[in-house]
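There's a structure below that I have some questions on.
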Amino acid sequence: MNSYRHSVVLDVEKCTGCTSCVRRCPTEAIRVINGHAEINSDRCIDCGECIRVCQHNAKKAMCSKLEHYMHYKWKIALPAPSLFGQFNGLEDVDEVLQGLLDIGFDEVFEVAKAAELVSAYTRTYLKTEGIKKPVISSACPVISRLISLRFPYLKDNILPILPPMEIAAIEAKAKAKKEHPELSEKDIAVFFISPCAAKVSYIRNGFGDYKSHVDVVVALNEIYFQLIGAMKRKHTPTITSEAGMIGIGWASSGGESTAILNDSYLFADGIGNCMQVLESIENGNIPQLEFVELDACIGGCVGGVMTIENPFIAKTRLQAVRRYMPVSRNFVASDAGSVPADYFSNSLPAYTPISRLSDNIVESMRMMAQIQSLRETLPGIDCGACGSPTCRAYAEDVVRGVAGEDRRCVVLDRKKQIEKETQT
Amino acid sequence: MGEYLNFHYDVDGENFVSAGQASVELKKTLRRLGLPPETIRRLSIAMYEGEINMVIHAGGGEADVDIYEDKIVIVLKDHGPGIADIALAMQEGYSTATEGVRSLGFGAGMGLPNMKRYTDEMQIDSTVGEGTTVTMTVYLS
Ligand SMILES: Nc1ncnc2c1ncn2[C@@H]1O[C@H](COP(=O)(O)OP(=O)(O)OP(=O)(O)O)[C@@H](O)[C@H]1O
Ligand code: SF4
Ligand SMILES: [Mg+2]
């Protein structure tokens with residue numbers, strides 16, 4: 001039984017069983033069974049690839065509706081930096097922050113601000129002796145989950161600092177409590193404005209033993225339309241951004257890397273590229289590096305499935321807004337010592353050997369042999385008609401006993417039929 | 001007419017990570033004074049560029065912003081290496097910025113030209129080996 005609540009869900013009504021998502025899924029988590037897709041939640045890493053590829057809009061990410069949570073006395077918006085890349089002609093981040101206040105939030109705490117703290121502590125952490133290098137960013141939950149499922153050997157390379165979203169939530173709550181002692185714990189709610197499905201899952205499920213400090217997640221592409229309306233009423237913002245270039249830079253791929261202010265880094269984006277880089281690190285065939293930033297989405301978080309704008313356009317817009325921002329507004333002295341305990345986390349989902357055939361080696365070997373011989377009979381064209389992503393995966397499904405009668409190999413069946421016809 | 005408000009900012013040259021703070025502070029002040037958004041924008045950009053130049057080219061300095069009824073004067077003063085050829089430095093695209101700051105987007109050689117564009121008057125006084133003083137004025141109509 002599985003209790004992990006993924007945010008990527010399927011609308012059975014809309015799904016035609018076309019198998020596009022089956023073949024696109026990087027962890028081979030999807031099968032078409034009885035005419036519609038099913039996601040294996042042990043394998044799903046919430047990367048959103050299936051949402052992107054589905055022509056029928058049958059896959060979506062579950063988020064909360066803002067209007068259902070307006071009863072909280074003190075509502076704090078945590079805008080992801082990618083939000084600022086969605087507006088055409090935006091000159092000043094403050095206009096968006098003001099927009100958030102205008103649509104009903106009582107306070108805004110920028111995730112970009114927390115990102116700058118993470119950058120500052122990353123620079124400190126990189127100087128620690130005895131740590132495993134390269135240090136791999138902890139910001140993209142898809143990557144952290146992927147590492148814990150597929151690259152367990154690299155788990156100690158993950159930066160043991162909470163992602164900016166969490167630090168923002170912790171700091172925002174602490175600040176609200178301090179400034180408004182009349183408020184009780186229950187009155188305050190922190191709303192993360194998310195570009196991505198993976199963060200929704202992170203917040204709902206926690207991560208390993210870590211429980212998220214965010215209370216409500218709203219989709220960036222939902223709040224966008226409300227914001228656009230509010231921002232039309234142009235008035236001088238009463239709020240000023242507390243982040244700089246470094247924090248806003250986190251929205252696109254490479255931003256976190258350049259902020260280590262040292263050129264020994266690699267950044268890659270897109271789930272396929274990220275998997276290749278992880279393979280290379282695992283095999284030890286990349287040059288010595290200090291830091292590796294991997295973003296599951298093309299372009300980084302500006303490419304998240306819940307954004308509005310094309311990631312490259314958003315990135316260019318962000319460059320324009322960043323142009324006149326301070327380098328950073330949150331930093332710690334370079335000799336700050338260690339990462340504060342509140343920000344430290346090395347909790348990851350438990351490693352589950354998802355590819356293991358059986359927990360008994362003799363049994364595994366027997367199954368492996370069966371898979372091999374079945375594979376030889378299959379056409380090897382990976383057409384997907386059986387509901388599995390590849391002929392190899394289908395052979396495995398058959399041997400594992402999970403491919404039912406409805407999932408037959410059409411090519412094989414047709415061949416057999418022709419043989420029969422020519423014999424008689 | 002001689003009445004004015006002065007705002008003084010120390011621009012720390014040691015801490016590159018914090019470069020640009022003074023311009024944010026100035027923007028906040030100008031908003032409180034209720035200046036038109038376009039004027040605020042011009043002044044913040046000019047201040048920003050000047051401030052960044054002091055950090056990346058001159059090891060820091062000081063900024064004084066004097067607000068009069070009819071004009072705002074920004075004076076940026078540093079004790080850096082000075083600018084040998086001011087006309088050359090004023091050319092769009094001319095830059096001596098290092099690789100390190102370029103990765104963050106600096107070094108396009110657009111700072112000084114922008115400062116001139118966004119202000120009504122700009123004067124650079126510089127002596128090699130002694131430092132640079134940039135004075136910019138924006139008139140309030
Ligand atoms: N305060 C200063 N002290 C010494 N040299 C300066 C100073 N300000 C500018 N310069 C010189 O003038 C050049 C041009 O300055 P400008 O601001 O136009 O471009 P930049 O700073 O190099 O790049 P950008 O401003 O586009 O990031 C600089 O590269 C530097 O050589
Ligand atoms: S790259 Fe950013 S938006 Fe995409 S899954 Fe990772 S954290 Fe989410
Ligand atoms: Mg400059």
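The values are calculated or read from the model by the stated rules, or taken from the named source; none is laboratory data. What you see is a predicted model; the values in this text were computed from it and never measured. All Cβ positions, glycine included, derive from the backbone under ideal geometry; neighbour counts span all protein chains shown. With ligands, DNA and RNA removed, areas are computed over all heavy atoms of the protein, side chains included. Shrake-Rupley method; radii C 1.70, N 1.55, O 1.52, S 1.80 Å.
If you count the DSSP beta bridges with both ends in the range A:66-343, what percent of them are antiparallel, to the nearest 5?
Here the antiparallel bridges make up roughly 5 percent for the range A:66-343.
Moving on to the next point. Heavy atoms of the protein only, probe of 1.4 Å, neighbouring chains included. What is the accessible area of A:F344 in Å², nearest 10?
Here the residue's solvent-accessible area equals roughly 100 Å².
In square angstrom and rounded to 100, what buried accessible area do you get between chains A and B, total over both, with the probe at 1.4 Å?
Protein heavy atoms only, the A-B interface buries about 1900 Å².
When the chain is fully extended, how far beyond the present Cα-Cα distance does A:E279 get from A:E185, taking 0.36 nm per residue of separation?
Taking A:E279 through A:E185 to full extension adds about 29.4 nm, to one decimal.
Further question on the same structure: Can you tell me the accessible area per residue over the protein assembly as shown, all protein chains present, probe 1.4 angstrom, in square angstrom?
Spelled out: the 1.4 Å probe surface of the protein assembly as shown, per residue, equals 46 Å².
Then there is this: Just read off the accessible area of A:T16 with the full protein assembly in place, 1.4 Å probe, to the nearest 10 Å².
80
Something else about it: Rank A:C18, A:C54 by accessible area, highest first, at a 1.4 Å probe radius?
A:C18, A:C54
With chain A treated as a Gaussian network of Cα nodes joined by springs under 10 Å, which of A:P349, A:P326, A:P26 yields the largest mean-square fluctuation?
Answer for the Gaussian network model of chain A: A:P326.
Still on this structure, I have one more. Name the residues of the range B:39-65 whose accessible area falls by at least 20 Å² when all protein chains are present instead of the chain alone, probe 1.4 Å?
Buried on complex formation: B:R41, B:I45, B:Y48, B:E49.
Scaled to the compact-protein estimate 2.2 N^0.38 Å, what is the alpha-carbon radius of gyration of the range A:144-226, rounded to two decimal places?
Compactness ratio reported: 1.29.
Can you run phi through the Karplus equation (6.51, -1.76, 1.60; θ = phi - 60°) for the range A:138-149 and list ³J(HN,Hα) in whole Hz, with x for Gly and Pro?
3J(HN,Hα) across the range A:138-149, in whole Hz: 9, 6, 8, x, 4, 5, 4, 5, 4, 4, 5, 8.
Take the Cα atoms of the range A:66-343, find their three principal axes, and give me the spread along each one in whole Å, biggest first.
That works out to 54, 39, 35 Å along the principal axes.
Give, to the nearest whole percent, the P(r) tail of chain B beyond 22 angstrom, counting all Cα pairs.
That tail contains 34 percent of the Cα-Cα pairs.
Let me ask something additional. Find the Rg to Rh ratio for the range B:26-108, where Rh is the Kirkwood radius over alpha-carbon pairs and Rg uses the same atoms.
Radius of gyration relative to Kirkwood radius: 1.01.
A further question follows. Considering only protein heavy atoms, what is the solvent-accessible area of A:I418 at a probe of 1.4 Å, reported in Å² to the nearest 10?
Spelled out: A:I418, probe radius 1.4 Å, area about 70 Å².
In the P(r) worked out for the protein assembly as shown, what percent of Cα pairs fall beyond 36 Å?
For the protein assembly as shown, the share of Cα pairs beyond 36 Å comes to 43 percent.
Can you figure out the FRET efficiency of A:V362 with A:R414, using R₀ = 35 Å and their beta-carbon distance, to the nearest 0.05?
So the FRET efficiency works out to roughly 0.45.
Just in the range A:182-228: which trypsin sites (Lys or Arg not before Pro) are loop by DSSP and have at most 14 other Cβ atoms within 10 Å?
Those that pass, being in a loop and sparsely packed, are A:K211.
Roughly how many debye, to the nearest 20, is the charge dipole of the range A:1-62 about its Cα centre, given +1 on each Lys and Arg Cβ, -1 on each Asp and Glu Cβ, and no other charges?
Computed about the Cα centre, the dipole is about 120 debye.
Sort A:D342, A:D11 by accessible area with a 1.4 Å probe, largest first.
The most accessible residue leads, giving A:D342, A:D11.
Using +1 at the C-beta of Lys and Arg and -1 at the C-beta of Asp and Glu, which of A:I170, A:Y4, A:I158 has the Cα lying farthest in the positive direction of the dipole of the protein assembly as shown?
A:Y4
Please pull out the direction-averaged projected area of the range A:1-62, using the convex hull of its alpha-carbon atoms, in nm² to one decimal place.
3.9
Expressed as a whole percentage, what fraction of the accessible surface of chain A belongs to carbon and sulfur atoms when a 1.4 Å probe is rolled over the protein heavy atoms?
After summing per-atom areas, the C and S share lands at 51 percent.
Taking all protein chains together and a probe of 1.4 Å, list A:K65, A:K173, A:K133 from the most accessible to the least accessible.
Solvent-accessible surface, decreasing: A:K65, A:K133, A:K173.
With both partners inside the protein assembly as shown, how many of the DSSP beta bridges are antiparallel, as a percent to the nearest 5?
The antiparallel fraction comes to roughly 65 percent.
Once you have a ≥ b ≥ c as the square roots of the Cα gyration tensor eigenvalues for the range A:354-397, tell me rounded if a/c is under 1.5, and otherwise prolate or oblate according to whether a/b is larger than b/c.
Oblate shape, in that a/c is at least 1.5 and b/c is the bigger or equal ratio.
Here is a further query. Expressed as an acute angle from 0 to 90° and rounded to the nearest 10, what is the orientation of the C-alpha long axis of helix A:410-423 relative to the principal long axis of chain A?
10
Same structure again: Report the charge-dipole magnitude of chain A in Debye, nearest 20, computed about the Cα centre from +1 at each Lys and Arg Cβ and -1 at each Asp and Glu Cβ.
Its charge dipole is roughly 680 debye.
Using Cα-only point scatterers and the Debye equation, what is log10 of I(q)/I(0) for the range A:361-424 at each q in 0.16, 0.17, 0.26 Å⁻¹, rounded to two decimals?
-0.55, -0.61, -1.09
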